[in-house]
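These notes are about the structure you will find just below.
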Amino acid sequence: EIDEEVRIAGSPGVTLGRELVIKSTGQVRISGMAIGPGARLNILAGAKLDITDCEFRGAEPVRVEGQLKARRTVFRDCQDACISGQGGDVHIEQSSFVGGAVGIDLATCPLIPLQTSPVLDLAGNTFVGFATAIQVGLSCERPTNIVHQTFYRNTVAISYEGGQQHVLQNNIFSEQTVPVFGCEDPSLFLVRSNHALHANTIAGCLSGDPGVIYFAPRFAAPSAGDFRLIYGSPLIDAAPAITALDLNGPAPDLFFGTGPDYGGRETY
């Protein structure tokens, strides 16, 4: 149990395989850590956990009742779900989710009076090989913000069963069976536009949205997990800019080139 601010930094050959219960209302940071089978992270209500440059492999779901922030982290072969939202806030950027049943499962997120921030805030991530990459459950009432993601070869990229005022913008959906379930009612969305669709079995309710384009993304090496776009891709520098959204991480400026790329990886 961690009930005060602390930083846990990994070193070569060390894998976390135990349970951590995060209780601290101050920032708890885990960086450079391998997190393997048997590991379980529980972030209790009011607690905060910041994960940077880590790799989860075969770990149990990160249970989020408080606040989770993850950057440049890989979630691979998760047991059941990689992240289980249990009413807390989830912020993920420049990370990768690879293989499994569900990438992020928002099981419950009750509406908070006077709270308008999204329960799920995603920017610059990739999701590959899931039955359902992102699941917004019936008991989730809050908005989600899903921008600049690359979804590749999932059965379903996103399933919206609950929530409201969702933002879905500037993503790549390539080779899904169904890119999105539950988007038939446009009133559930604040913004839904500018999708890049390629080789999905069914385009579904996204096909009539503003700014939809149909091009092969031309990924650098998808089998190796490299979802940058190669020279000549029509998706480079082509997405509309989202104010103040940093897609470059520690690099200068908000993006490379004259505009942001579609999807979860900026090409340099």
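Listed values, structure above:
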quantity	calculated
Summed residue charge, Cβ within 12 Å of Glu19's Cβ, Lys/Arg positive, Asp/Glu negative	+1
Max mean-square fluctuation residue, GNM over the chain, Cα-Cα springs under 10 Å, options Ala39, Ala196, Ala224	Ala224
Of all accessible heavy-atom area on the chain, the percent that carbon and sulfur account for (1.4 Å)	52
For the range 35-91, accessible area per residue (1.4 Å probe, heavy atoms of protein chains only), Å²	35
Tensor-based shape of the chain (alpha-carbon gyration tensor, a/c under 1.5 rounded, otherwise prolate or oblate)	prolate
Among Phe97, Phe189, Phe75: highest mean-square fluctuation, GNM of the chain, C-alpha pairs under 10 Å	Phe189
Surrounding net charge for Phe219, when Lys and Arg each add one and Asp and Glu each subtract one, Cβ distance under 10 Å	+2
Most mobile of Gly88, Gly137, Gly124 in a GNM of the chain (Cα contacts under 10 Å)	Gly137
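The values are calculated or read from the model by the stated rules, or taken from the named source; none is laboratory data. Remember, it's a predicted structure, so these values are computed and weren't measured experimentally. With ideal geometry, Cβ positions are generated from the backbone for all residues, glycine too; neighbour counts draw on all protein chains shown. Ligands, DNA and RNA are excluded from the accessible area calculation, which covers all protein heavy atoms including side chains. Shrake-Rupley method; radii C 1.70, N 1.55, O 1.52, S 1.80 Å.
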